[in-house]
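Undergrad: Mind looking over this structure? Questions follow.
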Amino acid sequence: MKVTFEDLEQRYEELTASIHCECVLATEMVGGQPAGEEGVRQFVAHHLKLTGDEAEKAVKRILHEELESVTPPEGEIPEGRVYGLRSLRRTEHGPYLGDWMIKACIKVAASRLNIFQTMRGTKGNFAEAGRVRAWKYSLADTAHPNLVYLRNSGDSVPAHSYHKEFMGRVQTPKGPVSIIHQSECAEPGSRFAFEFRFPKGKLKEEDLKDVLAMMMIVGIGSARSLECGKFRITNAEINL
């Protein structure tokens, strides 16, 4: 018996339940990807608004700057200051969410609701046999449906982004370090749509409604402790 990819894909869909969601960011979503040279150049051009030799100097400084002292040598607590630049994941189609990011949000929401503890097998169904794919206007690259693109008000318009400074503090073997980073953010109002499939099982519609409600509070992206990355699910279709 010969089996094609299309046959197996159809079989997977027959074995699984599905949730389709359309979402809009309620608060800014913060990128956590360390910026490469291209991301640094975008930051210098669009945020610092530098050109020519000044831009090149800024790019080299940011790429090589790692640690600088912010306290005098006689200070009681030696403290360092780490500067970094973080960006949104993006391709030529614009910024996107990875399927693993949305799946992580789903798993955290289900865990907070104790679904994995009370319904044996659901953790594996979500984490190992579950699949997130871009849907509707977020499916900008059909060859890579695992990339869920963020969109502006227009279906084909990439979400607008900007840079913002965030600060924090961590303990290291060398003492306390202040973490200061410029992160690229997707603005509130940016839209995304996705499909989540998982094996059929014990979950009822009310359980999945609870997961969706909790996902909006869990949020997505970096700096969630600062209440970033919250979103609203404006439309959802549950098919068990």
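Laboratory data are not the source of any read-out in this text; all were calculated from the coordinates shown. Nothing here was measured: the structure is a model prediction, and the numbers come from that model. Cβ coordinates were reconstructed from backbone atoms using ideal geometry, including for glycine residues, and neighbour counts include every protein chain displayed.
Undergrad: Once the piece of chain linking Ala129 and Gln117 is laid out straight, how much longer is it, given 0.36 nm per residue of separation minus the C-alpha distance between them?
TA: Gain in length upon complete extension: 2.6 nm.
Undergrad: Under the 0.36 nm per residue contour assumption, what length would be gained going from the current alpha-carbon distance of Gln171 and Met216 to full extension?
TA: My answer for the length gained is 13.1 nm.
Undergrad: For segment 206-215, what does the Karplus curve 6.51 cos²θ - 1.76 cosθ + 1.60, with θ = phi - 60°, yield as ³J(HN,Hα) per residue in whole Hz, taken in order and with x for Gly and Pro?
TA: 5, 4, 6, 4, 4, 4, 5, 4, 6, 4
Undergrad: Let me ask you something else. With the crude spin-label approximation of a point 7 Å out along Cα→Cβ, what separation in nm comes out for Ala236 versus Thr51?
TA: According to this spin-label approximation, the distance is 4.8 nm.
Undergrad: Filter the cross-link list Lys60/Lys230; Lys103/Lys174; Lys2/Lys123; Lys123/Lys204; Lys2/Lys204 down to pairs whose alpha-carbon distance in this structure exceeds 26 Å.
TA: Lys60/Lys230; Lys103/Lys174; Lys2/Lys123; Lys2/Lys204
Undergrad: When you count, for each residue, the other Cβ atoms within 10 Å and take the mean per peptide, how do 20-30, 122-132 rank with the highest first?
TA: 20-30, 122-132
Undergrad: Between Phe5 and Arg61, what is 0.36 nm times their sequence separation minus the Cα-Cα distance? Round to one decimal in nm.
TA: 15.2 nm
Undergrad: Order these peptides, 212-220, 150-158, 5-13, by their mean beta-carbon neighbour count within 10 angstrom, highest first.
TA: Order by mean packing, descending: 212-220, 150-158, 5-13.
Undergrad: Next question. Where the convex hull is taken over the Cα atoms of segment 80-136, what is its projected area averaged over directions, in nm²?
TA: 6.9 nm²
Undergrad: Two-decimal Rg/Rh of segment 111-152 from alpha-carbon positions, Kirkwood Rh?
TA: With Rg and the Kirkwood Rh in hand, the quotient comes to 1.18.
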